[in-house]
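The values are calculated or read from the model by the stated rules, or taken from the named source; none is laboratory data. Predicted model, so just to flag it, every value in this text is computed and none were measured. Heads up, the Cβs are rebuilt from the backbone with ideal geometry, glycines too, and the neighbour counts pull from every protein chain shown. All accessible areas refer to the heavy atoms of the entire protein, side chains included, with ligands and DNA or RNA removed. Shrake-Rupley method; radii C 1.70, N 1.55, O 1.52, S 1.80 Å.
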Amino acid sequence: MTYEQALSHFKTGRAIAKALGVSPGRISQCKADGGFSYHHQCVLEKESMGALMACMDDEPKKLAS
């Protein structure tokens with residue numbers, strides 16, 4: 001999932017942070033990095049009850065290597 005998809009579902013960065021159990025600042029860092037790690041995507045998929053889907057192809061390239 002992309003950052004924009006997560007934001008569309010959760011509505012705010014603060015809500016995404018709460019779902020992931022991280023600080024809102026970490027969400028800003030994810031946005032700057034180009035998205036979420038696959039692990040974070042999996043957590044968001046679970047927290048969204050399947051409305052969002054984790055996808056390794058959406059992981060920022062600098063995190064994937």
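Which of the lysines could be linked to LYS62 by a straight reach, that is with a Cα gap under 21 Å, when you skip same-chain ones fewer than 8 residues away? Answer for LYS62, where 21 Å is the Cα cut-off: LYS31, listed by chain and number. At a probe radius of 1.4 angstrom, the accessible area of the chain per residue rounds to 63 square angstrom. For the chain, the carbon plus sulfur part of the accessible surface works out to 54%, probe radius 1.4 Å. When the chain is described by a simple charge dipole with +1 on each Lys and Arg Cβ and -1 on each Asp and Glu Cβ, the residue from MET49, ILE16, HIS39 located farthest towards its positive end is ILE16.
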